[in-house]
Amino acid sequence: MASASVGLARSPRAGELLLSSAAAQGSAAHAYLTSEDLLSGREAPRNLADAVHFLAALHGRYPGVVDHAANRCVDPLVRGWFNDATYSFAAERAYLARLAVAAGPLPSTPGAADSAGAVLGQRHALEMLSQSERNGCAVGAALAVVLDWSAIRSVLDAAGRRFGVDAPAWPFADATAIADLADGFAATPSLQRALLFGAEQVVIQHFGLWDLLEARGQARAAV
């Protein structure tokens, strides 16, 4: 009879699962991010301006997800990372503000009130995740925001090129380093579950934002 250990598959670690969640459910998985409508088509200027304003509504205010999570984190392994992440996100908020000014006013769109309500709901959901009492949830939310931001930055940088705004350096493009941090933090099954829950909810909210922005672009084009 074969040894029981032979048939046991290696359980995926937190970092691997985090990367898989972001790749499958996050911003990079949404076709709108690389679409002609958003980046180069006739409606691209309005669509990029729309994306900038909605991202500013979701992530442009202080304190944000990373700041809230940093205030709750006592794990020494993650504290140093949070120091760098909060500093970098301050620069991202300033970048969003410059982009919003350069892009001009929010494009007029049918159903604007519903869209505003939707993004407010998303922001509230992110705030709840980043201030969760469940140990590991806020860390997972912050890691997911930073991980997903590399895909989001591709859109912001496209807007920057179109509207003449220089992009600051983004020091967290190495997804493997974020995965390694998740592995080091999630030392128990309960921590891993909490981290992955917080992360998954964030990337789902981001994917939903791109759904909303794509629908707004289609509504404007139909007028």
| message | Quick check on L18: is it assigned to a helix (DSSP H, G or I), modelled with pLDDT of 95 or more and within 16 Å of the chain's Cα centre (by Cα)? | response | yes
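Could you check the range 21-45 and list, in sequence order, the residues that are in a helix (DSSP H, G or I) and not small (G, A, S)? So that I can check it myself, show each step before the final result.
Pass one, the range 21-45, residues in a helix (DSSP H, G or I): 21-25, 27-29, 31-34, 36-39, 44-45.
Scanning the range 21-45 gives Q25, Y32, L33, T34, E36, D37, L38, L39, P45.
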| task | For residues that are assigned to a helix (DSSP H, G or I), among the small types (G, A, S), touching a residue at least 40 places away in the same chain (Cβ under 8 Å) and out of contact with any Lys or Arg (no Cβ under 9 Å at 6 or more places or on another chain), tally how many sit in the range 151-189. | result | 6
| said: Going by what's in this entry, would Y62 be described as free of Cβ contacts under 8 Å to residues at least 40 places away in the same chain and in contact with a helix residue (DSSP H, G or I) (Cβ under 7 Å, 6 or more places away or on another chain)? | reply: yes
| task | For the range 46-104, enumerate the residues that are in contact with a Leu (Cβ under 6 Å, 6 or more places away or on another chain) and assigned to a loop (DSSP other than H, G, I, E, B). | result | G60
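With D148, D157 as the choices, which residue is of a type outside the set (K, R), more than 18 Å from Q192 (Cα to Cα) and in contact with a Gly (Cβ under 9 Å, 6 or more places away or on another chain)?
Numbers: D157 fails: in contact with a Gly (Cβ under 9 Å, 6 or more places away or on another chain).
The match here is D148.
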| message | Can you tell me which residue is surrounded by the fewest Cβ atoms within 10 Å (Cβ to Cβ) among those in the range 43-77 that are hydrophobic (A, V, I, L, M, F, W, C) and modelled with pLDDT under 95? | response | V74
| field | Hits in the range 124-162 - residues which are under 21 Å from A29 (Cβ atoms) and of a type outside the set (A, V, I, L, M) | value | G140, D148, W149, S150, R153, S154, D157
| Failed criterion for Q192 (all others in (1) buried (at least 19 other Cβ atoms within 10 Å of the Cβ); (2) within 21 Å of R61 (Cβ to Cβ) hold) | (2)
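In this structure, is S5 at pLDDT 95 or above, surrounded by fewer than 21 Cβ atoms within 10 Å (Cβ to Cβ) and either in a helix (DSSP H, G or I) or in contact with a Lys or Arg (Cβ under 8 Å, 6 or more places away or on another chain) (or both)?
Values: at pLDDT 95 or above: no; surrounded by fewer than 21 Cβ atoms within 10 Å (Cβ to Cβ): yes; either in a helix (DSSP H, G or I) or in contact with a Lys or Arg (Cβ under 8 Å, 6 or more places away or on another chain) (or both): yes.
No; evaluated as a whole, the condition is false for this residue.
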| How about the range 105-131: which of its residues are under 18 Å from the mean Cα position of the chain (by Cα), farther than 13 Å from A56 by Cα, part of a helix (DSSP H, G or I) and not small (G, A, S)? | H124, L126, E127, M128, L129
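Being in contact (Cβ under 8 Å) with a residue 24 or more places away in the chain, in a helix (DSSP H, G or I), under 19 Å from C73 (Cα atoms) and of a type in the set (D, E, K, R): is that true of D211 here?
no
The values are calculated or read from the model by the stated rules, or taken from the named source; none is laboratory data. None of the values given here were measured: they were computed from a predicted structure. Cβ sites come from the backbone with ideal geometry, for glycine too, and all protein chains shown count toward neighbours.
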